[in-house]
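Okay, structure first, notes after.
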Amino acid sequence: MPVDSTKIVLKKLLSEEEIIDLLNKIDFSRSVWVDNDVIRKETFFKILKSGDRKEVILMLKELHEQRIEKERNGKRLHVNDEKILCEAEKIIHEELAFSMNISIEDVGDYIVKHINK
């Protein structure tokens with residue numbers, strides 16, 4: 001990838017302190033969920049493409065909550081939501097795991113523990 005490319009934006013890798021600060025600044029009571037499937041897909045792709053870590057983490061929380069609710073009712077998350085969830089998890093979990101020197105599998109639990117504080 002060319003370093004002077006305007007199509008792809010490189011972001012600085014966060015330090016552990018910056019990650020903790022980021023998680024502290026997220027308003028987890030705010031919802032980014034959109035009921036309309038088409039509008040939600042567009043909105044969530046914009047969030048993913050923006051690279052705004054706060055919004056991506058908030059979106060992950062919403063998608064996980066929706067998945068749990070749907071499973072309780074014997075249903076499944078919409079295919080587009082599953083794709084976005086997988087992509088967002090990959091991006092956030094890899095970055096946080098690398099920055100915090102923990103396994104990718106432990107990132108979700110770390111975020112959940114932080115949310116429940």
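The values are calculated or read from the model by the stated rules, or taken from the named source; none is laboratory data. Quick caveat, the model's predicted, so the values are computed rather than measured. All Cβ positions, glycine included, derive from the backbone under ideal geometry; neighbour counts span all protein chains shown. Each accessible area value is taken on the protein alone, full model and side chains, heavy atoms only, with ligands, DNA and RNA left out. Shrake-Rupley method; radii C 1.70, N 1.55, O 1.52, S 1.80 Å.
Across the options Ile20, Ile84, Phe98, the greatest Cα extent toward the positive end of the charge dipole of the chain (unit charges at beta carbon of Lys, Arg, Asp, Glu) belongs to Ile84.
Each other residue within a Cβ distance under 12 Å of Leu60 adds +1 if Lys or Arg and -1 if Asp or Glu, for a net charge of -1. Distance distribution P(r), region 16-117, all Cα-Cα pairs, bin width 5 angstrom from 0: 2, 12, 23, 26, 20, 11, 5, 1, 0 percent.
In a DSSP loop and with at most 13 other Cβ atoms within 10 Å, the trypsin sites (Lys or Arg not before Pro) in region 21-84 are Arg30, Lys75, Arg76. For a paramagnetic label modelled at 7 Å from the Cα of Asn101 toward its Cβ, which residues of region 14-28 fall within the zone defined by backbone nitrogen distances under 13 Å? Under 13 Å, as judged by backbone N against the label point of Asn101, lie 16-17 of region 14-28.
When a 1.4 Å probe is rolled over the protein heavy atoms, the share of accessible surface on the chain that falls to carbon and sulfur comes to 53 percent. With each label point set 7 Å from Cα along the Cα-Cβ vector, what nm distance links Lys54 and Ser29? It is 1.6 nm.
In Å², what does the accessible area per residue of the chain work out to with a 1.4 Å probe?
That works out to 69 Å² for each residue.
For Phe45, the accessible surface of its heavy atoms amounts to roughly 100 Å² (probe 1.4 Å, protein chains only, rounded to the nearest 10).
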